[in-house]
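Let me begin by presenting the structure, written as structure tokens, before commenting on it.
The values are calculated or read from the model by the stated rules, or taken from the named source; none is laboratory data. Keep in mind that this is a model prediction, so the values were computed, not measured. No Cβ is skipped: glycine too gets one built from the backbone with ideal geometry, and neighbour counts run over all protein chains shown.
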């Protein structure tokens, strides 16, 4: 760019994105976000509500979901993608949580999962809702964990169901590999 | 029992077990242990080391593993079984953690998983170790989460691999049901 133009002194091409400064502050010297750094960042942005720490386990799942290079950390493009997805989920969650309590009830959770396009039996749905409820309520943190896991597992299933028959076959080792990392 | 015999005033048959008093103290009025109660109990017993809170997520997984009646809570028999399994894992973990640091390294973790009888490829093993490491170390908490999950998923797989060919087939709904609850 021309000297004196806006952004002089910055890194060309990256500076336009307001998220980039935030990313570098969180990522620190290595330029990659670990699960612990993501937790600190989401806690600070008050994603969990009430300034509670965002669950580390959920952070690992999110990094895993987008971790194409298997580094267990997250670069800027992955962070940007996650930020978009997470804001979508936050808006969806807030629209369900009508009384702004910071939690949703099992029925609202079932509706949310259905409206995301997942076609599940009542048993599977009950199993999911039970798994992510605490004292009959689902927090945003657990809602995100549920969304991440459902999306990741559905992707895994689809890759194994190439004939699109709704049935997938796994050798033991691959079953463990897929399911232990989610 | 005869009046005046040892245990007078207690509930016959349950009193001999020293764990029962502990169970009732933890379970409270409903006589069932929830994930939150289990967390409080394992934190108090210092299972995580350094009196850090034991991970709630791991507590849910443990209740799930033994939850045959799908109540999401734990009765005395299930608690007793868990207590035995957990102490076995704790001893195993302490025997690996030779410097008593409270964490084990990836190589030690691989050896531990192998010595439990799991036959996994190097890729599956790496995937597991990465998933449960924090800054290159595995805490007892994460070690337990890993053991619980590996055991539960292997049981699920075996039930679907009745011909014992090392291959299992899942319809989508059942795949989601099995994997979302672990």
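Let's see how each residue does on (1) surrounded by fewer than 20 Cβ atoms within 10 Å (Cβ to Cβ); (2) over 16 Å from residue A:178 (Cα atoms); (3) within 17 Å of the chain's Cα centre (by Cα):
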site: B:119; (1), (2), (3): yes, no, no
site: B:134; (1), (2), (3): yes, yes, no
site: B:143; (1), (2), (3): no, yes, yes
site: B:151; (1), (2), (3): yes, no, yes
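Among the residues making up the range B:108-164, those that are at the interface with chain A (Cβ under 10 Å from one of its Cβ atoms), within 18 Å of residue A:171 (Cβ to Cβ) and in contact with a strand residue (DSSP E or B) (Cβ under 9 Å, 6 or more places away or on another chain) are B:156, B:157, B:158, B:160, B:161.
Just checking, how many residues over the range B:21-36 are part of a helix (DSSP H, G or I) and more than 13 Å from every other protein chain (Cβ to nearest Cβ)?
9
Just one residue in the set A:19, A:38, A:56 is crowded, with 21+ Cβ neighbours inside 10 Å and either more than 16 Å from the chain's Cα centre (by Cα) or closer than 26 Å to residue A:181 by Cα (or both); that residue is A:38. Go through the residues of the range B:113-120 one by one and say whether even a single one is in contact (Cβ under 8 Å) with a residue 24 or more places away in the chain, more than 18 Å from residue A:63 (Cα to Cα) and assigned to a helix (DSSP H, G or I). Yes, there is a match, as at least one residue in the range B:113-120 is in contact (Cβ under 8 Å) with a residue 24 or more places away in the chain, more than 18 Å from residue A:63 (Cα to Cα) and assigned to a helix (DSSP H, G or I).
Pairs are defined by a Cβ separation below 7 Å, a sequence spacing of at least 6 or placement on different chains, a first member in the range B:165-176 that is at positive phi and at the interface with chain A (Cβ under 7 Å from one of its Cβ atoms), and a second member that is surrounded by 15 or more Cβ atoms within 10 Å (Cβ to Cβ) and part of a helix (DSSP H, G or I); the pairs so defined are B:166/A:172.
Pairs are defined by a Cβ separation below 8 Å, a sequence spacing of at least 6 or placement on different chains, a first member in the range A:144-158 that is at positive phi and free of Cβ contacts under 8 Å to residues at least 12 places away in the same chain, and a second member that is buried (at least 20 other Cβ atoms within 10 Å of the Cβ) and assigned to a helix (DSSP H, G or I); no pair meets this definition.
Give the residues of the range A:155-170 that are surrounded by 15 or more Cβ atoms within 10 Å (Cβ to Cβ) and part of a helix (DSSP H, G or I), sorted by residue number.
A:156, A:157, A:160, listed by residue number.
For the range A:166-181, residues that are touching a strand residue (DSSP E or B) at 6+ places or on another chain (Cβ under 8 Å), at pLDDT 90 or above and within 26 Å of residue A:35 (Cβ to Cβ) total 1.
For the range A:92-107, the condition of being within 20 Å of residue A:153 (Cβ to Cβ) and exposed (fewer than 15 other Cβ atoms within 10 Å of the Cβ) holds for none of the residues. The residue list B:28, B:50, B:75 contains one member that is more than 16 Å from the chain's Cα centre (by Cα) and in contact (Cβ under 8 Å) with a residue 12 or more places away in the chain, which is B:50.
Look at (1) in contact (Cβ under 8 Å) with a residue 60 or more places away in the chain; (2) more than 14 Å from the chain's Cα centre (by Cα) and you find that residue A:61 fails only one, number (2).
Let me confirm something: among A:66, A:56, which residue is within 14 Å of chain B (Cβ to nearest Cβ), in contact with a helix residue (DSSP H, G or I) (Cβ under 7 Å, 6 or more places away or on another chain), in contact (Cβ under 8 Å) with a residue 12 or more places away in the chain and at negative phi?
It is A:56.
Scanning the range A:51-105 for residues that are part of a loop (DSSP other than H, G, I, E, B) and under 22 Å from residue B:131 (Cα atoms) returns A:53, A:54, A:55, A:67, A:68, A:69, A:70, A:71, A:72, A:73, A:75.
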